[in-house]
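The values are calculated or read from the model by the stated rules, or taken from the named source; none is laboratory data. Because the structure is a prediction, the values reported are computed rather than measured. Cβ placement follows ideal geometry from the backbone for every residue including glycine, while neighbour counts extend to all protein chains displayed. For accessibility, only protein heavy atoms count, side chains too; no ligands or nucleic acids. Shrake-Rupley method; radii C 1.70, N 1.55, O 1.52, S 1.80 Å.
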Amino acid sequence: MLDTIGKRLKCCRAATGTTTHDVVDYIHSKGEDISYATYTRWESGSSFPARKTHVIEHISDFFKENGLQVESQWILTGEGFPPQFAEYTKLDEDTLFILASRTLPDVELVQVGGQYGEPYVHFGEFCIISNENSIESNNNKLCYVRYNEKVKIGVVTIMDEKQIIIPGKVDMILSKSNIIECRRVKWIQKK
């Protein structure tokens, strides 16, 4: 969850493939005085000083020049339209989601065709699931579980060597030997 300025800055930088030095050098080129250590602290979650909010405009411009359309307001507050790569700004959300599923490594796009995803994923919604099929590595994670010709999406918890539980309105206890697939849900497109 991108719930802090630091996480949003780090996300944008990772998305553009740039370094902290790249960002700080750009800020310096705009006549602002900021150290590499200060910027790194911002990304690490240290409080962001109100007197420096104007620097966010330069940071936003830096990301835009590197192909990521992002508004300074989103970086500061998390409100508004999330970042988007410039080449995709004309695409609708459904197309972007499908495109993302095709570019992420080792994932598959699944559309929910029943109520087996409730309350996490609803009928008609899409989710991107990992191709890694493992019960143990997905303990306490939201997963797509296929068993005995049925499917369930829920949080998988290992009970013991032989069973898992998927909590819900009615807890579902499954024998590990009946599980065909247990793949982590990476991303859900909400309608």
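Just one of (1) small (Gly, Ala, Ser); (2) open to solvent by less than 30 Å² (accessible area, probe 1.4 Å); (3) in contact with a Gly (Cβ under 7 Å, 6 or more places away or on another chain) trips up Ser72, so point out which. So Ser72 meets the others, but not (3).
Taking (1) closer than 26 Å to Pro83 by Cα; (2) touching a residue at least 12 places away in the same chain (Cβ under 8 Å) in turn, Thr157 satisfies each apart from (1). Among the residues making up the stretch 154-163, those that are closer than 18 Å to Ile180 by Cβ and either in contact with a Gly (Cβ under 7 Å, 6 or more places away or on another chain) or open to solvent by 70 Å² or more (accessible area, probe 1.4 Å) (or both) are Gly154, Lys162.
Taking the criterion of being under 27 Å from the mean Cα position of the chain (by Cα) and open to solvent by less than 60 Å² (accessible area, probe 1.4 Å), the residues of the stretch 41-52 that qualify are Trp42, Glu43, Gly45, Ser46, Phe48, Pro49.
Within the stretch 18-33, restricting attention to residues that are under 23 Å from Gly78 (Cα atoms) and free of Cβ contacts under 8 Å to residues at least 24 places away in the same chain, the residue that is farthest from the chain's Cα centre (by Cα) is Val24.
For the stretch 108-115, the count of residues that are farther than 24 Å from Ala15 by Cα, open to solvent by 20 Å² or more (accessible area, probe 1.4 Å) and touching a Lys or Arg at 6+ places or on another chain (Cβ under 7 Å) is zero.
Scanning the stretch 151-163 for residues that are part of a strand (DSSP E or B) and either under 15 Å from Lys186 (Cα atoms) or not aliphatic (A, V, I, L, M) (or both) yields Lys152, Ile153, Gly154, Val155, Val156, Thr157, Gln163. Scan the stretch 164-176 and tell me whether some residue there is at negative phi, touching a helix residue (DSSP H, G or I) at 6+ places or on another chain (Cβ under 8 Å) and assigned to a strand (DSSP E or B). For the stretch 164-176, residues at negative phi, touching a helix residue (DSSP H, G or I) at 6+ places or on another chain (Cβ under 8 Å) and assigned to a strand (DSSP E or B): present.
Among the residues of the stretch 124-153, just one is on the phi > 0 side of the Ramachandran plot and either buried (at least 17 other Cβ atoms within 10 Å of the Cβ) or acidic (Asp, Glu) (or both), namely Glu149.
Each row is one residue, and each column tells you yes or no for (1) under 21 Å from Pro105 (Cα atoms); (2) touching a Cys at 6+ places or on another chain (Cβ under 9 Å); (3) at pLDDT 95 or above; (4) among the hydrophobic types (A, V, I, L, M, F, W, C).
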position	(1), (2), (3), (4)
Arg146	no, yes, no, no
Gly154	no, yes, no, no
Pro167	no, no, no, no
Lys186	yes, yes, no, no
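Counting only helices (runs of 4 or more DSSP H) that sit wholly inside the stretch 1-83, those with at least 2 residues that are at pLDDT 85 or above and farther than 28 Å from Lys186 by Cβ are 20-29, 36-44, 55-65.
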